[in-house]
Structure formats: C-alpha cells, structure tokens
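Notes to accompany the following structure.
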Amino acid sequence: MDFVQRMDRALRETYCAMPVLPDPLIDIAGARRAMLEMFGAARIGQLPSDAVLTEDRRIAGPAGAPDVAVRIYRPRHAGEGRPALLWIHGGGFTLGLPAQDDLFCEKIVETIGAVVVSVDYRLAPEHPFPAGTEDCYAALSWLFSEAPALGVDARRIAVGGASAGGGLAAGLALMARDKEEFKLAFQFLLCPCLDDRHVTPSSHEVTDDRTWSRAKSLQAWPAYLGERDHGGALAYAVPARASELKGLPPAYLMVGGLDLVRDEIIAYGARMIEAGVATELHVWPGGFHGFELFVPDAPISQAARAGYLNALQRALN
C-alpha cells in the first residue's frame, strides 16, 4: 500500500492538494516566501484573538551576535504567576518565522492562560549551528530574567517546538540542564527532528516531497550542521546523539505514524523513560508530518491537538 493510501482518510484529500515547496538550498528566498504564503493562506478568515495581546520585541542576542527578535503572546487580562512557553517554529532549519505560528500560539494563550514567547532565530544555511540554538538560549535566558515583568512564574517555564523547532527545543533542554543557570519545567516536542543519521526504518519510508521527506531531510541536516566539528556540543544540535538523558525536564512527544521522524522520536522517548524522565509519547496512526496543522479540522487532528494542549496544561498548571 502506498504512502497516501496508508494515510488517515480524513487527511488524504488536503494532503494530495498540498504543493511541494521550492528547494531551499537552490532558491532560499523563493522557499521562504512560499512557506510564508502557505501559512498565510491558512489564516484567511481567522481574525486575531480578542483575548490575546501580541507584541514584537528585540532582545540582546548571544555575545557578538545580533539582537534576537521575539514575538510575545499574552492574555489580555493581566495576571501574575502565569506559566510560560518558549516556542520555536519549524521549517527544516532553513525556513520559517514566528508569524507562521500565530494561530497556534494564540490557542495556547487562550487555553492555558500562558505567556508564549516565539523566537525568530537565525536560519541555516547562512547561519548553521550553533547560531539558532544560541539565539533560542538567549531568548530563554531573557524569559527567565524578565519573568516578574511579564507576570510569569519562573518555576513554570517550558520550552517547545515543532519539527526542526522541536529538535532545537530538545537541544535547548539539554543545554539548560548542563549549564544549570535555570531549571525548565517541561519539554513540549511536536514531531521533533532529533537525529541526522537517517538509519531508522521510518527515515527510509517517506519519499513524497509534499511532506518532510528523506530527500529534504538529507539536505537540511548538513545545511544546519555546517562544516565545523562541533565536538561535545553536537548533542545540542542532534539530541539523539546525547550520551546521557538523565536530569532532563518532563517531556511530551507527539508524532504521526507516517512521519519520517517517527522512529527517532520513539527511540528518544524510550531513552528518556529509561533515564527516569517523566515522558508521555503519542503516535497517531495515519498521520503525516505536522498533520494537525495542515488539516486542522480532521477528527485525528482535533484529537491530537486536544491531547497535547491537555498535556501542556497539566504540566504547567
């Protein structure tokens, strides 16, 4: 049975109509523009939430690097001691920006009452690792230091992301554990890209370029890692290569059963459980990479979204 026929029935029609993005390593500007247009189209008819205040700021970046832009989403009605989520957008390490996740971040604010800070981190191939991770760490440090001003309880700050952003979030959790400058409450990892080795069965199964495919992943990882030898820091870029997972914050991982990254996520979740990390893992049969964002009205998407919002609420409240 081919890839589309194995897909959840409610996802198939929309999936078949999805375009193939331009190759970012051939036409980086065109790919970034096409991705923004795709997410912009998803917002047509969706007005900004009246319950959410959105603010763009620039904060101090890593030493010797430019300032980092962040987008802050807050409940309109002020309150103290709220939980917070540092959110990292996806895009194969080479594409994307916070605006693509406006609806998603607004939903978290509405559902949980959390403050969400979304990071506009530097992208590969112009800025390979560790640039993006350093930007995200700078934003996380800022969130902890500004917690009182933002009405945030610093004991309830999580880090999360989707796809490549999920991989960055997992790497950030490892970095925060090792630096010991602050303590994260939770990891919120949606279909995270965790492994550059492409040796699992699922990494060979997905060749359709309307979704995150083997060909795309084989291009993206070298662009992200660059040509430097990252030595002991490699695990912050490739969390699956981390030798030790003890001491990480509790985690939620979610992936579709037809996702290229399925097996590496299952393996990472199992390793965290073995290391004593409280871990919740969901595999949705028939779901492709990011299915609940691309086909939001499908029953499987609604169930997945309700599941992970519930997990985030339980972790932070």
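Readers should treat all values here as calculations from the given coordinates under stated rules, not as data from a laboratory. As the structure is a prediction and not an experimental result, all values here were calculated from the model. When we count neighbours, we look across all protein chains shown, and the Cβ atoms used for this are built from the backbone with ideal geometry, even at glycine.
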(request) Among DSSP beta bridges lying fully in the range 9-316, give the percent that are antiparallel, nearest 5. (result) 35 percent
(message) Restricting to DSSP loop positions (anything but H, G, I, E, B) with no more than 16 other Cβ atoms inside 10 Å of their own Cβ, which trypsin sites (Lys or Arg not before Pro) remain in the range 166-266?
(response) K183, R197, R228, K246
(request) Go ahead and run the numbers for FRET between I266 and F3, Cβ-Cβ distance against an R0 of 22 Å, rounding to 0.05. (result) 0.70
(message) Quick check on the exposure proxy: order T54, T211 from fewest to most C-beta atoms within 10 angstrom.
(response) T54, T211
(request) Treating cross-link reach as a plain straight distance, find the aspartates and glutamates whose alpha-carbon is under 19 Å from the alpha-carbon of K183, omitting any fewer than eight places away in the same chain. (result) E134, D135, E146, D153, E244
(message) Just to be sure I understand: with springs between alpha-carbon atoms less than 10 Å apart, which residue in Y224, Y73, Y15 has the highest mean-square fluctuation in the Gaussian network model of the chain?
(response) Y15
(message) Report the gain in length on full extension from M38 to I26: 0.36 nm times residue separation, minus Cα-Cα distance, nm rounded to one decimal.
(response) 2.4 nm
(request) With a Förster radius of 22 Å, plug the Cβ-Cβ distance of T14 and Q302 into 1/(1 + (r/R0)^6) and report the FRET value to the nearest 0.05. (result) 0.95
(message) Neighbour counts of other C-beta atoms within 10 Å: give me D27, D229, D120 arranged from fewest to most.
(response) D229, D27, D120
(message) With θ taken as phi - 60° and the coefficients 6.51, -1.76 and 1.60, list the Karplus ³J(HN,Hα) couplings across the range 253-259 in order, rounded to whole Hz; mark glycine and proline as x.
(response) 10, 9, 7, x, x, 10, 9
(message) Tell me whether the chain comes out rounded, prolate or oblate; compute the Cα gyration tensor, take square roots of the eigenvalues as a ≥ b ≥ c, and use a/c under 1.5 as the rounded threshold.
(response) rounded
(request) Work out, step by step, the length gained on full extension between T207 and R241: first 0.36 nm times the residue separation, then minus their alpha carbon distance; give nm to one decimal. (result) 9.8 nm
(request) Hey, for a label at E274 modelled as a point 7 Å past Cα toward Cβ, could you say which residues of the range 228-256 have their backbone N under 17 Å away? (result) 239-248
(request) With springs only between Cα atoms under 10 Å apart, run a GNM on the chain and tell me which of A237, A99, A139 wobbles the most. (result) A99
(message) Along the Cα→Cβ direction, 7 angstrom out, place labels at E181 and E146. What is the inter-label distance in nm?
(response) 1.5 nm
(request) Using amide H atoms built 1.01 Å from N in the peptide plane, name the residues 5+ places from L85, or on other chains, whose amide H lies under 5 Å from its own. (result) V115, V116, V117, A158
(message) Which of F188, F144, F182 has the fewest other C-beta atoms within 10 Å, and how do the rest follow up to the most?
(response) F182, F144, F188
(request) With an 8 Å cut-off on Cα pairs and a minimum separation of 6 or more residues, tell me the relative contact order of the chain in percent. (result) 18 percent
(message) Apply the a/c threshold of 1.5 to the C-alpha gyration tensor of the range 182-316 and tell me whether it is rounded, prolate or oblate.
(response) oblate
(request) Would you compute, from DSSP H runs of 4+ residues alone, the mean residue ellipticity of the chain at 222 nm, taking -39500 (n - 2.57) per run and dividing by the full residue count, rounded to the nearest 500? (result) -12000 deg cm²/dmol
(request) Choose one answer from T207, T133, T94: the residue with the largest mean-square fluctuation in a GNM of the chain with alpha-carbon springs under 10 Å. (result) T207
(message) 5 Å is the cut-off here: which amide hydrogens, built 1.01 Å from N in the peptide plane, fall below it relative to D153, excluding neighbours closer than 5 in sequence?
(response) G81, R82
(message) Which one, I265, Y15, L316, is farthest towards the positive end of the dipole of the range 9-316 when Lys and Arg carry +1 and Asp and Glu -1 on their Cβ?
(response) L316
(message) Need one number: nm distance between label points at E110 and L218, each 7 Å from Cα along Cα→Cβ, rounded to one decimal.
(response) 4.2 nm
(request) Please work out whether the range 1-150 counts as rounded, prolate or oblate from its C-alpha gyration tensor, where a ≥ b ≥ c are the square roots of the eigenvalues and a/c under 1.5 means rounded, while otherwise a/b larger than b/c means prolate and anything else oblate? (result) oblate
(request) For the range 198-249, state which GluC sites (Glu not before Pro) are in a DSSP loop and have at most 15 other beta carbons lying within 10 Å of their beta carbon. (result) E227, E244
